[in-house]
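Trainee: Can you keep this structure in mind? I'll have questions shortly.
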Amino acid sequence: MGASMDLSNLLPQVIDIARASGQVILDIYQRGQFEKQVKNDNTPVTSADLAAHKLVVQRLSELTPDIPVLSEEDSDIPLAERAQWQRYWLVDPLDGTQEFIAGSGDFATIIALVDNNTPIMGVVYAPVSGVAYYAYQDKGAWKTTPEGETVRISTHKHELPTQSIAVAISRRQDIAAITSRLDPALNYDLVPLGSAALKSCLVAEGAVDCYLRLGPTGEWDTAATQCIVEEAGGRILNTHLTPLSYNERDTLENPNFITLGDESLPWSSILTPDDRLMEISD
């Protein structure tokens, strides 16, 4: 991991930063007064996103002055510069902006520490519920409730053969697009939710078996949850069932991906790969 870091000491401070960001977002959300703009990629950004971005970047920079911060709201950094980073913070200050705008409450602040292209710490904080999920390398995954109860979380393991799989999906996702990617011989319980990070956290705590994401996301959407999910016993893979990459391409956009709770299930037959889907639709 390069130069040694005390992740056990760092983690509580990062959780505090995520909570502070969440409080900024929640204050704006509860007032119901915010500005909304459309970014160049045609996605929305609000004054809550930008306020949370400012707080998280400032607090992380004070906490670890030598570690750069890459945030969704300031991500126009060329690979030639990013490639020099052995270690960096990867942040989505407000994951689930559309849900924030819609008033569903399904949004979160997510913060990851990436080392040598691998997420080694992840924090996800949902300000409306007050729930925090977090993990760091080789120390397990945990969930803290608003009442202060902390429990270790783990993914759901199936006893084969299984006939039903619980699938988290985006609330605004075309359900037919999801079901067309899954083996029709099985039964599926579809669980809609907003924030991409919160859906992966549902997999990490065993509430659902997988989360299938079709469509654009950024590396900041998956880095923190990848650490949490893997420490809970699962995986996040692209839809060809190979690992996602971090800070290794010019683009920071993820491919379609699936968060798996139980890797022993026959996902290669359950899931229709992108290239097979193209053949079917031609």
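The values are calculated or read from the model by the stated rules, or taken from the named source; none is laboratory data. Bear in mind the structure is a predicted one, so any value in this text is a computation, not a measurement. Positions of Cβ are generated from backbone atoms using ideal geometry, with glycine treated the same way; all protein chains shown enter the neighbour counts. Each accessible area value is taken on the protein alone, full model and side chains, heavy atoms only, with ligands, DNA and RNA left out. Shrake-Rupley method; radii C 1.70, N 1.55, O 1.52, S 1.80 Å.
Condition check ((1) open to solvent by 60 Å² or more (accessible area, probe 1.4 Å); (2) within 19 Å of GLY96 (Cα to Cα); (3) of a type in the set (Gly, Ala, Ser); (4) touching a residue at least 40 places away in the same chain (Cβ under 8 Å)) across all residues:
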site: VAL151; (1), (2), (3), (4): no, no, no, no
site: SER154; (1), (2), (3), (4): yes, no, yes, yes
site: HIS158; (1), (2), (3), (4): no, no, no, yes
site: GLN173; (1), (2), (3), (4): no, yes, no, yes
site: ALA177; (1), (2), (3), (4): no, no, yes, no
site: LEU186; (1), (2), (3), (4): no, no, no, yes
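Trainee: Working carefully through the options TYR125, TYR136, find the one that is within 15 Å of the chain's Cα centre (by Cα) and open to solvent by 30 Å² or more (accessible area, probe 1.4 Å).
Mentor: Within the list TYR125, TYR136, the selection yields TYR136.
Trainee: Quick one: is GLU73 open to solvent by 20 Å² or more (accessible area, probe 1.4 Å) and out of contact with any helix residue (DSSP H, G or I) (no Cβ under 6 Å at 6 or more places or on another chain)?
Mentor: no
Trainee: What's the total number of residues in the range 66-82 that are in a loop (DSSP other than H, G, I, E, B) and under 22 Å from the mean Cα position of the chain (by Cα)?
Mentor: Number satisfying all stated conditions: 7.
Trainee: To continue, here is another question. One residue is enough: does the range 208-218 have a residue meeting the conditions assigned to a strand (DSSP E or B), charged (D, E, K, R) and surrounded by 15 or more Cβ atoms within 10 Å (Cβ to Cβ)?
Mentor: yes
Trainee: Which number in (1) modelled with pLDDT under 90; (2) open to solvent by 30 Å² or more (accessible area, probe 1.4 Å) marks the one condition that SER195 misses?
Mentor: Status for SER195: all satisfied but (2).
Trainee: Could you tell me which of the residues ALA48, ALA52 is under 28 Å from ARG249 (Cβ atoms) and either assigned to a strand (DSSP E or B) or of a type in the set (Gly, Ala, Ser) (or both)? Break it down into steps so the answer makes sense when it comes.
Mentor: Values: ALA48 fails: under 28 Å from ARG249 (Cβ atoms).
Just a single option satisfies the conditions, and that option is ALA52.
Trainee: What strands (runs of 3 or more DSSP E) completely inside the range 113-168 contain at least 3 residues that are β-branched (Val, Ile, Thr) and touching a Phe, Trp or Tyr at 6+ places or on another chain (Cβ under 9 Å)? Give the steps one after another, and end with the answer.
Mentor: Details: elements: 118-126, 131-136, 141-144, 150-153.
Qualifying strands (runs of 3 or more DSSP E): 118-126, 150-153.
Table: residues versus (1) among the hydrophobic types (A, V, I, L, M, F, W, C); (2) open to solvent by less than 50 Å² (accessible area, probe 1.4 Å).
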| residue | (1), (2) |
| --- | --- |
| ASP66 | no, no |
| ALA80 | yes, no |
| GLN84 | no, no |
| LEU94 | yes, yes |
| ILE110 | yes, yes |
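Trainee: Under 6 Å between Cβ atoms, at least 6 apart or on separate chains: pull out the pairs that start in the range 123-137 with a residue that is over 16 Å from GLY148 (Cβ atoms) and at pLDDT 95 or above and end on any residue that is assigned to a strand (DSSP E or B) and open to solvent by 10 Å² or more (accessible area, probe 1.4 Å).
Mentor: From the range 123-137, the pairs are VAL123/TYR134; VAL124/TYR133.
Trainee: With respect to THR217, is the statement that it is within 12 Å of the chain's Cα centre (by Cα) and modelled with pLDDT under 95 true?
Mentor: yes
Trainee: Now for a separate question. Can you go through VAL45, VAL38 and tell me which one is loosely packed, with under 12 Cβ neighbours inside 10 Å and of a type in the set (A, V, I, L, M)?
Mentor: Result of the check over VAL45, VAL38: VAL38.
Trainee: Counting only residues that are without any contact (Cβ under 8 Å) to a residue 60 or more places away in the chain and among the aromatic types (Phe, Trp, Tyr), how many does the range 1-33 have?
Mentor: Within the range 1-33, residues that are without any contact (Cβ under 8 Å) to a residue 60 or more places away in the chain and among the aromatic types (Phe, Trp, Tyr) number 0.
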